[in-house]
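The next block holds one structure in the form of C-alpha cells; read it before the comments.
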Amino acid sequence: MYNRFVEVGRVALVTFGPDYGKLCVIVDVIDQNRALVDGPRAETGVRRQSIPFSWLSLTKFTIPVPRSARHKVVVKYFKKEGIKEKWDATAWAKKLAVRAKRASLNDFQRFEVQVARRKRSRIISSELKKLRVAGAAKRKEALAKKKADARAKLAAKVAAKAGAKKEAAKTQAKVAAKAKTPAGPKPKIAKAKVAAKAKSKVAAKPKAKTEAKPKADAKPKADAKPKADAKPKAEAKPKAEAKPKAEAKPKAEAKPKAQPKA
C-alpha cells in the first residue's frame, strides 16, 4: 500500500532545478501545485522557498514539525531525527552518490574503470563455469543413482514374482499329492475320552429310565401246510428224423447253336 503522501514535515528530494539532488522538508502546502519547503540550508543547502510538486520526490522520512514552522524548529527536529544519516544509508542515496562520482571522472579514470570491469567479468565468468561443471556432475550422479534405484526396485519385483510362483507350484504339488494318496483309516478315539464324554452327558441330563414292560408271549405260528406234491413234467417227445434232401437233377445239355447259312 502506498503510504507516502504530501504532508507537513515530509522529507523530499529535489529532482529538478538548481537544487537538484538535495533534501528538503515540506513546511506548508500553498496549493495543489506548489509547496513551501525548507532545507534546512545549513544541513542540505536548500533555502526556504516554494517548489512545484513535479520537482519533488517524496521519501519515507518525516519529522514532527508544525505548519509553517520557523527555520530553527526545522533544523532542531532535522538533527534530532538523524535524517541525513538515515538518508545516506539508503540504496537510493548510494546510487545517486555513485552516479555523481562517475560524472566527475576524467578520461583516464574512466579507462581504469573499464579495465576493472573487464577483470571483474572474467572472474565472474570463470566462477560461473566452475559452478556449471559442478552442477552437471551432481545432476549426472543423481540420474545414475535414480537409475540404480529403479533397477533395484525392478529386480526386487521380479524376485518377489518368482518367489510367489514357486510357492504356488509347491502348494499345487502338495494338493496333487494329497489327491493321489488314498484316505487312511479314521483315527480311533481313545476309550478314556469316550467314557468321559458319556459320563459328562449323563451328569448333564440325569433322566430316570422307566423299566421295560415284559412283552406278551409271542403266539406260536401255525405249522406251515405241506405243499402239494409237484406233478411230474411230461416227457419231451423225440423230434422227427430229418428227411434226406432229394438229389439234385443233372442239368440238360446245352443244344448247339445253328450254324449261319452260307
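The values are calculated or read from the model by the stated rules, or taken from the named source; none is laboratory data. Note that the coordinates shown come from a computational prediction; the quantities given were computed from them, not determined experimentally. Glycine gets a Cβ as well: all are built from the backbone with ideal geometry, and neighbour counts include every protein chain shown. With ligands, DNA and RNA removed, areas are computed over all heavy atoms of the protein, side chains included. Shrake-Rupley method; radii C 1.70, N 1.55, O 1.52, S 1.80 Å.
Scanning segment 1-59 for residues that are of a type in the set (D, E, K, R) and within 18 Å of Val73 (Cβ to Cβ) yields Glu7, Arg10, Asp28, Asp38, Arg41, Glu43, Arg47, Arg48.
If we scan segment 71-91, do we find a residue that is among the acidic types (Asp, Glu) and part of a helix (DSSP H, G or I)? Yes, the conditions are met somewhere in segment 71-91.
Among the residues of segment 62-86, the ones that are under 53 Å from the mean Cα position of the chain (by Cα) and open to solvent by less than 90 Å² (accessible area, probe 1.4 Å) come to 0 in all. Phe5 meets the conditions (1) closer than 17 Å to Ile83 by Cα; (2) open to solvent by 70 Å² or more (accessible area, probe 1.4 Å); (3) in a loop (DSSP other than H, G, I, E, B) in every case but one. The failed one is (1).
Can you find a residue in segment 2-15 that is out of contact with any strand residue (DSSP E or B) (no Cβ under 8 Å at 6 or more places or on another chain) and more than 18 Å from Trp92 (Cβ to Cβ)? Within segment 2-15, not a single residue is out of contact with any strand residue (DSSP E or B) (no Cβ under 8 Å at 6 or more places or on another chain) and more than 18 Å from Trp92 (Cβ to Cβ).
Screening Ala35 with (1) assigned to a loop (DSSP other than H, G, I, E, B); (2) in contact with a Phe, Trp or Tyr (Cβ under 9 Å, 6 or more places away or on another chain) gives one miss only, at (1). Yes or no: segment 39-51 includes at least one residue that is among the polar types (S, T, N, Q), open to solvent by 30 Å² or more (accessible area, probe 1.4 Å), in a helix (DSSP H, G or I) and without any contact (Cβ under 8 Å) to a residue 24 or more places away in the chain. For segment 39-51, residues among the polar types (S, T, N, Q), open to solvent by 30 Å² or more (accessible area, probe 1.4 Å), in a helix (DSSP H, G or I) and without any contact (Cβ under 8 Å) to a residue 24 or more places away in the chain: absent. Filtering segment 52-61 to residues that are in contact with a Lys or Arg (Cβ under 9 Å, 6 or more places away or on another chain) and either free of Cβ contacts under 8 Å to residues at least 40 places away in the same chain or open to solvent by 60 Å² or more (accessible area, probe 1.4 Å) (or both) leaves Pro52, Lys60. Somewhere in segment 120-128, is a residue surrounded by 10 or more Cβ atoms within 10 Å (Cβ to Cβ) and over 46 Å from the mean Cα position of the chain (by Cα)? Within segment 120-128, one or more residues are surrounded by 10 or more Cβ atoms within 10 Å (Cβ to Cβ) and over 46 Å from the mean Cα position of the chain (by Cα). Listed by first and then second residue, the pairs linking a residue in segment 17-34 that is touching a residue at least 24 places away in the same chain (Cβ under 8 Å) to a residue that is aromatic (Phe, Trp, Tyr) and open to solvent by 30 Å² or more (accessible area, probe 1.4 Å), with Cβ atoms under 8 Å apart and 6 or more places separating them unless they lie on different chains, are Gly17/Trp55.
Of the residues making up segment 8-28, those that are open to solvent by less than 10 Å² (accessible area, probe 1.4 Å), under 17 Å from Pro52 (Cβ atoms) and not in a strand (DSSP E or B) number 0.
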